[in-house]
Amino acid sequence: MRTTAFHLVTRKETPQDAEIVSHQLMIRAGLIRKLGAGLYTWSPLGMRVLQKVENIIREEMNAAGALEMLMPAVQPKELWEETGRIADFGGQLLAIQDRAERDYFFGPTHEEVITDFVRNEINSYKQLPINFYQIQTKFRDEIRPRFGVMRSREFIMKDAYSFHLDTESLEQTYQVMKQAYSNIIKRIGLDFRCVLADSGAIGGSGSQEFHVIADSGEDAIMYSDQGEYAANLEKCEAVSLIDNRNTAEQDVKKVHTPEVKTIEAVSDFLKVESTQTIKTLLVAGVDGPVALVVRGDHNLNEVKANNLACVASPLRMLNDDEIKQVAGCDAGSIGVKDLNCHIVVDRTVANMNDFVCGANETDYHLTGMNWDRDAVYQAVEDIRDAQVGDPSPDGVGVLKVARGIEVGHIFQLGSKYSKAMNAVVLNEQGKSQAMEMGCYGMGVTRMVAAAIEQNHDDKGIIWPANIAPFGVAILPMNYQKSERVKRAADDLYEALQAQGIEVILDDRKVRPGFMMSDFELLGVPHQVIIGDRSLDENNIEYRSRINMASEKISRDTIESFLMEKIQA
RNA sequence: CGGGGUAUAGCGCAGCCUGGUAGCGCAACUGCUUUGGGAGCAGUGGGUCGGGAGUUCGAAUCUCUCUACCCCGACCA
């Protein structure tokens with residue numbers, strides 16, 4: 001490709017509304033342009049990268065035995081009524097109507113559509129297992145789209161759905177998909193981790209996420225410093241930090257604590273560690289209010305809380321009036337003594353003794369509190385965020401934290417959708433049986449942003465070789481005037497093209513500094529600079545985008561030198 | 001959805017308070033010079049000042065209203 005025959009529009013200045021580096025660089029390099037909130041046009045340059053990512057995904061999915069297909073982006077509302085997921089997805093669903101005012105959703109995911117397809121196509125266990133996938137545009141009406149294509153409303157996703165006679169078969173395919181996902185991200189060239197995850201609105205029994213490690217990631221990944229354990233903070237099991245409950249030593253004392261509301265203020269005022277205090281949080285329950293109790297220095301994990309059967313979903317904290325009704329005090333003084341509601345305590349809290357809590361009387365706290373003697377709870381659950389330094393749940397090492405960008409998520413759905421939509425097969429005994437189902441998503445557009453997030457410097461993008469829009473850039477100095485430079489550049493260009501290398505020759509009439517800055521921004525991995533200066537010595541200059549180190553290579557060997565670099 | 005903010009040329013901004021026929025930098029176009037690190041000089045094109053309504057002799061500027069976009073929060077595969 002010659003630049004004069006291509007579309008390159010770069011910007012020197014960082015766009016005002018781009019927060020994270022991948023968004024800034026994608027705009028500056030001209031990979032994407034914004035149309036509206038969370039809506040982006042992919043330029044020909046961006047498209048080249050996107051297609052590289054797509055093709056790697058496609059190859060690995062095919063290799064894993066999945067079958068590519070294409071489903072409609074627009075889905076009838078009735079399908080969603082069958083599974084009752086309209087409420088789960090809520091405002092994220094983009095509802096549309098046709099001229100006859102029939103209701104549709106622009107598909108945010110395709111479990112309903114594939115299950116409908118499969119219930120009509122698959123009738124026998126002999127057709128199982130089977131795994132379908134597509135690469136397609138989705139729409140989710142995010143409350144706050146941001147970070148460019150990292151969290152956009154319209155985006156491209158690879159989604160796969162597998163169907164099985166039994167859970168053993170599902171587990172088998174799930175492992176195959178997990179391996180395929182690892183292969184994909186490795187081939188793209190990114191540093192990632194596979195972690196345990198909450199399955200959210202998609203549902204099902206087990207799920208794992210694939211995270212590209214980057215400081216700008218929106219998720220916190222907890223992992224063992226010595227073992228294999230890794231989980232999204234949302235899901236990460238938090239163990240009890242106290243092995244056995246000690247016996248009570250103190251008596252309960254009521255202390256006047258005026259204007260002392262936060263845990264920090266309470267521990268300062270009473271001169272106790274925050275680890276000796278507890279926080280009582282009141283939330284709406286399925287059957288009356290529920291108190292969730294965590295240690296003073298711990299955070300309530302809202303995903304875990306939301307998943308409790310007794311807690312109303314979505315999770316909602318009681319407001320000040322409701323708190324007054326239940327506890328008889330302001331929010332800063334809630335405690336567990338004589339609290340008339342369902343009380344769920346965190347594992348650590350269950351083993352505490354002589355602790356401090358609110359007195360259910362505004363501006364008063366209780367010290368020397370002990371379970372059974374002074375208060376009782378109805379259940380012990382894991383409801384807090386795991387913290388750095390906690391023992392790893394698998395017993396190996398302690399937890400550390402990293403930021404991650406979720407690029408993939410795989411689920412063992414079980415029969416949630418097949419039962420709701422009556423997707424059944426006849427088994428070997430001739431009996432009707434709901435299929436087991438798995439689903440596997442990967443964000444294609446997000447992967448491009450994640451790649452940049454992990455591979456850039458102050459000059460621009462540094463593409464991993466397998467997804468670079470071009471393999472080699474030829475940058476001739478004074479191409480317009482120097483016949484010798486022009487000939488050398490054209491010759492190399494044609495030679496590399498004949499070898500099937502994706503090469504871009506900058507034949508624009510621009511000054512050298514401009515040209516070099518542009519290609520540093522664009523991040524082409526291998527760059528050759530051809531000028532009279534080096535041609536005098538029969539040399540051509542090579543630069544790797546990774547470290548920008550330059551080498552002088554003889555004209556006679558430049559072609560084989562580049563072939564070697566590209567194949568490395 | 002709550003709070004805050006912005007909207008003037010492709011991009012980044014000034015002008016608005018105090019109403020008087022729209023400007024700067026970058027980008028683009030032309031010419032000359034320059035050609036190994038985002039050139040210099042001279043010139044050129046491009047804007048219903050987000051939309052609508054109102055006040056006024058006159059509105060980018062004042063008032064009302066609608067819309068879009070951005071940030072924080074809640075929410076979120």
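Please give the Cα centre distance for the range A:243-269 versus the range A:30-108, rounded to the nearest Å.
Comparing the Cα centres of the range A:243-269 and the range A:30-108, I get a distance of 53 Å.
Ranked from highest to lowest mean number of other Cβ atoms within 10 Å per residue, what is the order of the peptides A:216-223, A:425-432?
A:216-223, A:425-432
Going by Cα centres, the range A:530-559 and the range A:360-383 are how many Å apart?
Computed from Cα coordinates, the inter-centre distance equals 74 Å.
Show the residues, 5+ positions off or on another chain, whose built amide H is closer than 5 Å to the amide H of A:D219.
Under 5 Å from the amide H of A:D219 lie the amide H atoms of A:G404, A:E406, each far enough along the sequence or on another chain.
Rank A:H110, A:M47, A:A73 by how far each Cα sits towards the positive end of the charge dipole of the range A:1-145 (+1 on Lys, Arg Cβ; -1 on Asp, Glu Cβ) and give me just the farthest.
Going by the Cα projections, it comes out as A:M47.
If packing is taken as the average number of other Cβ atoms within 10 Å across a peptide's residues, how do A:444-457, A:5-18, A:284-297 rank, most packed first?
My ranking of the peptides, most packed first, is A:444-457, A:284-297, A:5-18.
Return the carbon/sulfur percentage of the accessible area of chain A, one whole number, probe 1.4 Å, all protein chains in place.
On chain A, the fraction of accessible area on carbon and sulfur atoms equals 46 percent.
Which value, in debye to the nearest 20, gives the size of the charge dipole of chain A about its Cα centre, when Lys and Arg are +1 and Asp and Glu are -1 at the Cβ?
Using only the charged Cβ atoms, the result is roughly 1840 debye.
So what is the calculated 222 nm ellipticity per residue for chain A, using -39500 (n - 2.57) for each DSSP H run with n of 4 or more, over all residues, to the nearest 500 deg cm²/dmol?
Mean residue ellipticity at 222 nm (helix-derived): -8000 deg cm²/dmol.
In whole Hz, what ³J(HN,Hα) sequence does the range A:394-400 give by Karplus (6.51, -1.76, 1.60; θ = phi - 60°), x for Gly and Pro?
After applying 6.51 cos²θ - 1.76 cosθ + 1.60, I find 8, x, 10, x, 10, 7, 10 Hz.
Amide H neighbours of A:I530 under 5 Å, at least 5 residues apart or on other chains, H built in the peptide plane: list them.
When sequence neighbours closer than 5 places are left aside, the close amide H contacts are A:L475, A:M477.
Treating only the Cβ of Lys, Arg, Asp and Glu as charged (+1, +1, -1, -1), what charge dipole size does the range A:253-381 show about its Cα centre? Round to the nearest 20 debye.
So the dipole magnitude of the range A:253-381 works out to roughly 220 debye.
Given a cut-off of 24 Å, name the pairs among A:K138/A:K416; A:K126/A:K431; A:K12/A:K186; A:K253/A:K324; A:K459/A:K509; A:K77/A:K158 whose C-alpha atoms lie farther apart than that in the structure shown.
Violating the 24 Å limit, Cα to Cα: A:K12/A:K186.
Skip the ligands, DNA and RNA, and give the accessible area per residue of the range A:470-567 with a 1.4 Å probe, whole Å².
Heavy-atom accessible area per residue stands at 49 Å².
Please report, ordered by residue number, every helix of chain A (full DSSP H runs) that is 24 Å or longer along its axis going by C-alpha atoms and whose mean Kyte-Doolittle hydropathy reaches -1.0.
Helix filter hits for chain A: A:44-63, A:167-188.
Obtain the radius of gyration and the Kirkwood radius of the range A:299-404 from its C-alpha atoms and give Rg over Rh.
1.01
Rounded to whole Hz and in sequence order, give me ³J(HN,Hα) for the range A:277-283 from the Karplus expression 6.51 cos²θ - 1.76 cosθ + 1.60, θ = phi - 60°, writing x for Gly and Pro.
10, 10, 10, 10, 10, 9, 10
Give me, ordered by chain and number, the residues 5 or more places off A:F147 or on other chains with an amide H under 5 Å from its own placed amide H.
Close amide H contacts, sequence-distant or interchain: A:E19.
Which whole number of Å³ per residue matches the convex hull of the alpha-carbon atoms in chain A?
Dividing the Cα hull volume of chain A by its residues yields 207 Å³.
Subtract the Cα-Cα distance of A:Q51 and A:D191 from 0.36 nm times their separation in residues, and report this length gain in nm to one decimal.
48.4 nm
For the range A:201-297, with every protein chain kept in place, what is the accessible area per residue (1.4 Å probe, Å²)?
Computed with neighbouring chains in place, this is 50 Å² per residue.
Which of the peptides A:251-258, A:374-381 is most tightly packed, and how do the rest follow, going by the mean number of other Cβ atoms within 10 Å of each residue?
Averaged packing, sorted descending, gives the order A:374-381, A:251-258.
What's the whole-number percent of alpha carbon pairs in the range A:470-567 lying beyond 24 angstrom?
Considering the range A:470-567, 10 percent of its Cα-Cα pairs are separated by more than 24 Å.
The values are calculated or read from the model by the stated rules, or taken from the named source; none is laboratory data. This one's a predicted model, so the numbers in the text were calculated from it and none came from an experiment. Cβ atoms come from the backbone with ideal geometry, glycine included; neighbour counts cover every protein chain shown. Ligands, DNA and RNA are stripped out before the accessible areas are found, and what is left, the full protein with its side chains, is counted by its heavy atoms. Shrake-Rupley method; radii C 1.70, N 1.55, O 1.52, S 1.80 Å.
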